Structures are given as structure tokens and as C-alpha cells.
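Colleague: I am attaching a structure below and will ask some questions about it afterwards.
Each reported figure results from applying straightforward, stated rules to the coordinates on display, with no laboratory input. None of these values were measured; they are calculated from a predicted model. FYI the Cβ positions are ideal-geometry reconstructions off the backbone, even for glycines, and counts take in every protein chain you see.
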Amino acid sequence: MFGNLLVLQQEGSDKHGFRRFRCRCMTPLKAIENDRDENTFSDREGICGAELLINAIALKQDLKNGRERKVPKSCMRCSRILWGKDLRKRNPMEDLSGQTFGRLTAIRPLFRGHKKTYKRPMYECACSCGSGAITYVRREALIGNSVQPIRSCGCLQVEAARENKANLIHGLSNHPLYGVRSNIIKRCYDNKCKAFPRYGGRGIRLCDAWLEDITTFYQWAIDHGWTENSSIDRIDNNGPYSPENCQILSRKENALKRFRDHGTAFEVDGKQVNVHELSKKTKVSGDLCKKLLSNGYSEADVYSYGKLPLHQKNALSRSIHQGQKITIAEAREKNRIAKIKPPQSSEMGSYRAMMARCYNPKDHSYRNYGARGIKVCSQWKNNPLQFFIDMGPKPEPKVRYALDRVDPDKDYSPDNCRWITREENSSRVTRY
């Protein structure tokens, strides 16, 4: 026997090479009973009986050190209970039974094992409020050293809430106007709000009547025709939120007023125009609406412009850009310009070869063309489409025709070029 451990047999060695023994805990059940609550005492007989593996060093450690253990060696569960009993015996906890803390009077302690205790000691307390409620409070909460103290069964919080006028029941917490008023208060008084510099930072406040009582604010808004699609606007942008300085406007009217206040409104002949609404109805971009209105076109013209085909829209926009403005009626008379077919691959090959001979020193024919001062006329140089219009398509079959200059000493130009067969071109080539 080593304390309360009975050695049964040896079972090999541990990873360090020390012999390992199977032991049985012989701690009496009565020794590990809860000694803090008289109601939990029992006359159970027997032993713990738990088996565990332990090496020889751990078994003989206390004998080797010559120390006397305060509690006998046993299994982990029994050791924890026995050490706890020894600690409580050496450091007894003050009994708070009968003491009063605020409105609570401690009746009796409840220790581990009771259904209300969890892991910490608690006290069963009675409140003096007259409700007859029994409250279970942690010992630390009664003393108030390490946690927030508890001084009632909850009646103190109820009384404090009744005295707070802000908690009076008005039935408007789910109404949209409740959120409107909350946002106004946040803008005017909460310096962490993003909009605070434009409201509270400029001295904008909510009047006392609306700040203290939401029903006054609610009744004013309903009497003045507030709806969910409207907003509350201040008449004087530098004044407070008050019945004398507020009005009900639609969201569109409020947006237009905001543009006027900020000096960014778009006006035509002294009349403000809602460009966003006009753009939405005419399906014309906002920038283009501003451009048309700025150049003297009316709102009706903008509506008509939105119905024009693309080539007529382009004609009108081109006329504004060139400073030769035309009317909507004149734009309707513009016909679609026939698309010119782009140069085909054979003609484009001739064009590229012509440009390479005249301007690319790495081309093998450059010495007979560009080096001799042969150039391409200005209307062809950067415009292959004009080259195709002037020369026309190659005759069929295209592979048998090539571009030729009538006068070999002159530049490539419409008057000096033609399509001829490759046989004729070969007979006219002059070697330099």
C-alpha cells in the first residue's frame, strides 16, 4: 500500500524505462463525501475502486523525499476532493448566512453538488421587496469584490426603468418615424456619426419638445401629411429641427432643394430641371441631357431626341460639336450614309507593299523607291480607305493584277496609279 493505492501487479514499463504498476484506489467513499452541506451526508460504505497505471518513481516519490503528505496518495478524483477538504480546513470560508446585502438576506450556502450551484458556491437569498422571491446569488456577487454586486431580486432595475421617462411605453418603436427621429438625434448629437460634421458640428440641434417626447414629433409629422415616401426638411439650412423650421417634402423635392442649397442645381432660363428624372423618362444619358439643354434645346426636344434613330442622333451631336447647330426637324431629314466596304485583303496587300517600299528602309525594294524620293500622296498615306475609294477594287482574277505608276519618276497618287496585269508590270520595271 502506498497511501490509499493498493498495488495489484506490474505491467511493463513506460517510455522512459521505469516499471509501471496497476493500482487500485482504496479511498473510503465516506472520506470523499461533501462535508459542506449537512443534507448531502450519507452512510455509504465501500471504497472508490478506481484503477490506474503509475510508475515506480511516482509511487515512491514521497518516501524518497522524506516528506509527509497532508492527504494520502490516491486516484486523481479522490486526490482533488481530499486536497480541497484540506484547503478548506486550513482556510475556512466565512459564512454569510443571516447577513444583508442591499435588499437581499443570505439564508444558507449552496455548495458544489446542488442543482443551483454549478461550480462556485452560491447563497440562497430572500428579497425584502415583498414579492417573496427566492434568489440564488454567487458569493462573489454578494460581497461585490471581483464581480458586479447584486443587491436585489431584480426589483431595483424595474423601479429604475419606471423612473426613466425614455422607457415609457408609447407603441411607436416599430413605426418608421421612430427611426427618422433616431437618425436625426444621431446626426445632431453623436460625434461618431459620419454626418455629424454637417449637422451637430455646425450647431444643428433637435428642439426640446421633440427630443424629450417622441409622441409630439410623431403627431406633428402626421398632421403635416408625412408618408413613408416623404422626408422631413429644414426650411432654413442653418436652423434647428423644430416645428417652425421643418416641412414635409417628397424625396424628389428634397433632392432638388439640396442641389439648390449646395449651388449645384441645373437651371434653364431660371427654372430648375431635374436632369435625373428627365434622363430616366427620355432614356438619354444625364450628361447628354445637360448638353442639349445648355445649347438651347427644350425639354420637348430632349424627348424627341430620344426617339431619333442612331444616325440622326449622331448628326445632331456632330452639329453641336462643330458649332453649326441644327434643329430636331433638320436632324430627322438626315439620311443614313451608306457604308463603304472596307478594302479587301488583296487591295490591302498592295497598299501595305506600297507603304513599305516608300517608307521602310528594311524592305528589299526601298532602294528603288523610298531611297529615290518616291513618296505616297498625303490623302493616301494615313488613309487606306481613301486609297480603296480612289483606286477601286482589283479586276478579277485579283491575283493577276498589281499596282503600277504611270510615270515611274513621280509619287504614288490617284492620277499616277492604275491596276495592270503582272506580266505588263514586269515588262515595265526599270532596274536601277
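Colleague: Select from segment 132-191 the residues that are more than 30 Å from residue 97 (Cβ to Cβ), of a type in the set (Lys, Arg) and surrounded by 14 or more Cβ atoms within 10 Å (Cβ to Cβ) and list them in ascending order.
Modeller: Selection gives 181, 186, 187.
Colleague: Let me ask something else. Consider segment 271-313. How many of its residues are assigned to a strand (DSSP E or B) and closer than 24 Å to residue 334 by Cα?
Modeller: 0
Colleague: Now a separate question. Counting only residues that are surrounded by fewer than 16 Cβ atoms within 10 Å (Cβ to Cβ), of a type outside the set (A, V, I, L, M) and under 14 Å from residue 284 (Cβ atoms), how many does segment 310-326 have?
Modeller: 2
Colleague: Scanning segment 144-180 for residues that are without any contact (Cβ under 8 Å) to a residue 12 or more places away in the chain, part of a helix (DSSP H, G or I) and not polar (S, T, N, Q), which turns out nearest to residue 212 (Cα to Cα)?
Modeller: 166
Colleague: Can you find even one residue in segment 349-370 that is in contact with a Leu (Cβ under 8 Å, 6 or more places away or on another chain) and among the hydrophobic types (A, V, I, L, M, F, W, C)?
Modeller: Yes, segment 349-370 has at least one match.
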